[in-house]
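Colleague: Sharing a structure with you now.
The values are calculated or read from the model by the stated rules, or taken from the named source; none is laboratory data. Owing to the predicted nature of the structure, the values given are computational and were not obtained by experimental measurement. Note that each Cβ is placed from the backbone with ideal geometry, even for glycine, and that neighbours are counted across all protein chains shown.
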């Protein structure tokens, strides 16, 4: 598919968004409990007719962001590899996860396109953008979230391991932004939210390449915010700490946090509680999703080029 932007009739876009939302609402109505329906009706629907593109959204933070936007009325395109990459030493999202994410998002009465693809592939990124344009007539919110990690001291990592993290965590984000920028410029509007990390704000000797990519994502965020400011596009970064997701909740990563020890999950929870100043340990990805929804709202229309810590007080230790 072509990534060329074709201006859409606003009335057509509103009609398409409304029609798919109504259809999805009817399809999912039987699956919602009365309590869920009441909760949904109480949420603001200020994103009705908007479209979001989220990568790495079959589970975890990506799904939480997509879900938070869908809950406020946005149609969503999710892109995820939904399969194992041989060089990644812990389980990645599956096709079942991608299918489940689509169902969860559509339960909000919106439409969701679930695409299986690798963010390292620029052609796939352009197809995702084209699919959003063809189906919904525009892209309003972009969250390049897909990422992986490798652990170990820098001298222990092979060239292939280093390249893999760089290609997904940094170049994958660059490619998403490259794919959407012409559309956002011509629309003269949009929001981009990148996913950095607390390790993009401080050193992390056992996550050296992961940390380097997250520092780079912050630099990319600020550069993109400057480049797109005159087109009414805001660009901000999230820096979470210890979120309960598949990237952290596996033996490979957890054993790196306390080297040489075999600990129970409860002990790791204690480690997280010691790290955070507020009384919380590992927290759910919905906290990241809530911030993403705020940064896409009208209330955040003049916030750009900034970095938002979600750190339960840990960031109070940072010098600035």
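Colleague: Can you tell which of 271, 207 is farther than 25 Å from residue 188 by Cβ and crowded, with 20+ Cβ neighbours inside 10 Å?
Modeller: That would be 207, the only listed residue that is farther than 25 Å from residue 188 by Cβ and crowded, with 20+ Cβ neighbours inside 10 Å.
Colleague: Quick check on my filter: what residues within the range 156-173 are surrounded by fewer than 22 Cβ atoms within 10 Å (Cβ to Cβ) and in contact (Cβ under 8 Å) with a residue 60 or more places away in the chain?
Modeller: Selection gives 160, 161, 164.
Colleague: Something else: Report whether or not residue 120 is surrounded by fewer than 19 Cβ atoms within 10 Å (Cβ to Cβ) and either under 19 Å from the mean Cα position of the chain (by Cα) or outside any helix (DSSP H, G or I) (or both).
Modeller: So residue 120 fits the description; yes.
Colleague: Across the range 57-83, which residue is farthest from the chain's Cα centre (by Cα) among those that are under 22 Å from residue 137 (Cβ atoms) and part of a strand (DSSP E or B)?
Modeller: The qualifying residue farthest from the chain's Cα centre (by Cα) is 75.
Colleague: Further question on the same structure: Can you name the condition, by its number, that residue 214 falls short on among (1) touching a strand residue (DSSP E or B) at 6+ places or on another chain (Cβ under 7 Å); (2) crowded, with 23+ Cβ neighbours inside 10 Å; (3) in a helix (DSSP H, G or I)?
Modeller: Condition (1) is where residue 214 drops out.
Colleague: If we scan the range 198-209, do we find a residue that is in contact (Cβ under 8 Å) with a residue 60 or more places away in the chain and farther than 24 Å from residue 276 by Cα?
Modeller: The answer is no, given that none of the residues of the range 198-209 is in contact (Cβ under 8 Å) with a residue 60 or more places away in the chain and farther than 24 Å from residue 276 by Cα.
Colleague: From the residues in the range 290-308 that are touching a strand residue (DSSP E or B) at 6+ places or on another chain (Cβ under 7 Å) and either free of Cβ contacts under 8 Å to residues at least 60 places away in the same chain or buried (at least 21 other Cβ atoms within 10 Å of the Cβ) (or both), which one is farthest from residue 191 (Cα to Cα)?
Modeller: By that ranking, first place goes to 291.
Colleague: Can you go through 181, 176 and tell me which one is modelled with pLDDT of 95 or more and buried (at least 24 other Cβ atoms within 10 Å of the Cβ)?
Modeller: 176
Colleague: Within the range 220-237, take every residue that is in contact with a helix residue (DSSP H, G or I) (Cβ under 6 Å, 6 or more places away or on another chain) and not in a helix (DSSP H, G or I) and give me the one that is surrounded by the fewest Cβ atoms within 10 Å (Cβ to Cβ).
Modeller: Here the answer is 233.
Colleague: Also, quick follow-up: Could you pull out the residue among 86, 103, 96 that is surrounded by fewer than 24 Cβ atoms within 10 Å (Cβ to Cβ), out of contact with any helix residue (DSSP H, G or I) (no Cβ under 7 Å at 6 or more places or on another chain) and in a loop (DSSP other than H, G, I, E, B)?
Modeller: Every option except 86 fails the conditions.
Colleague: I want to confirm something. Restricting to the range 136-155 and keeping residues that are surrounded by fewer than 17 Cβ atoms within 10 Å (Cβ to Cβ) and at pLDDT 95 or above, which single residue is farthest from residue 73 (Cα to Cα)?
Modeller: Residue satisfying both the conditions and the ranking: 155.
Colleague: Name the pairs whose Cβ atoms lie under 8 Å apart, with the first residue in the range 87-101 and on the phi < 0 side of the Ramachandran plot and modelled with pLDDT under 95, the second in a helix (DSSP H, G or I) and crowded, with 18+ Cβ neighbours inside 10 Å, and 6 or more positions between them or separate chains?
Modeller: As it stands, the answer is 87/164; 88/164; 90/253, since those pairs meet every condition given.
Colleague: I'd like the full set of residues that are out of contact with any strand residue (DSSP E or B) (no Cβ under 9 Å at 6 or more places or on another chain) and assigned to a helix (DSSP H, G or I), limited to the range 134-154.
Modeller: 134, 154
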